Amino acid sequence: MSRQGWMSLLARARPARLAALFPAPLPAHDLLRAPEIGSVMVQGRIGGTGAPFNLGEMTVTRCSLRIASGAVGHAYVQGRDRDHALRAALIDALMQTEAAEVLRVRCLAPLARDEAARRQVAAEKAAATKVEFFTMVRGEDR
């Protein structure tokens, strides 16, 4: 998994689940940017290819830190959860060290399974509403 992949997975993770998988006490770290809450402008595009337009603002929490090995971790998470941003940044930093494989098995793999299960449930709900259209041949169409 690339850095982009694990950062994305950590940002989408449920905060309570992340806290359960990566519990306190947290590894020693120096905060470069303490968890802070702000907002970002979300842009959209019609059809995915049209001209961008401002859709609205979204609340995010960001955090940057450095661990003892010198690795720097960053995180941006949706919402106002400072603890979520701190844990995500710590895991980002630790994934750049020799602890990466342990974290991949202990934290990232369960988060990926949780996300896959959530997507499967959403797909099943959507499939249940699918309507099949078909045309029958009428007498005057011959």
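The values are calculated or read from the model by the stated rules, or taken from the named source; none is laboratory data. Being a predicted model, the structure only gives us computed values, none of them experimental. Using ideal geometry, Cβ is built from the backbone for each residue, glycine included, and neighbour counts are taken over all protein chains shown.
I'm trying to understand the selection: among the residues of the range 16-26, which are under 15 Å from Arg118 (Cβ atoms) and in contact with a Lys or Arg (Cβ under 8 Å, 6 or more places away or on another chain)?
Leu18
Mind telling me which of the residues Ala13, Ala71, Ala93 ends up being closer than 24 Å to Arg118 by Cα and at pLDDT 95 or above?
Going through Ala13, Ala71, Ala93 in turn, just one is closer than 24 Å to Arg118 by Cα and at pLDDT 95 or above: Ala13.
Going by the conditions given, is Ala75 closer than 16 Å to Arg14 by Cβ and assigned to a strand (DSSP E or B)?
In short, yes.
Show the residue pairs that are 6+ apart or on different chains and have beta-carbon atoms under 6 Å apart, the first residue being within the range 66-94 and over 17 Å from Leu111 (Cα atoms) and in contact (Cβ under 8 Å) with a residue 60 or more places away in the chain, the second being among the hydrophobic types (A, V, I, L, M, F, W, C) and part of a helix (DSSP H, G or I).
His74/Ala89
Report yes if some residue within the range 38-49 is touching a residue at least 24 places away in the same chain (Cβ under 8 Å), assigned to a loop (DSSP other than H, G, I, E, B) and of a type in the set (S, T, N, Q); otherwise report no.
There is no residue in the range 38-49 that is touching a residue at least 24 places away in the same chain (Cβ under 8 Å), assigned to a loop (DSSP other than H, G, I, E, B) and of a type in the set (S, T, N, Q).
For every residue, the table says whether it meets (1) touching a helix residue (DSSP H, G or I) at 6+ places or on another chain (Cβ under 9 Å); (2) surrounded by 12 or more Cβ atoms within 10 Å (Cβ to Cβ); (3) not in a helix (DSSP H, G or I); (4) not small (Gly, Ala, Ser).
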| site | (1), (2), (3), (4) |
| --- | --- |
| Phe53 | yes, no, yes, yes |
| Thr61 | yes, yes, yes, yes |
| Arg80 | no, yes, yes, yes |
| Leu86 | no, yes, no, yes |
| Ala93 | no, yes, no, no |
| Pro110 | yes, yes, no, yes |
| Arg119 | no, no, no, yes |
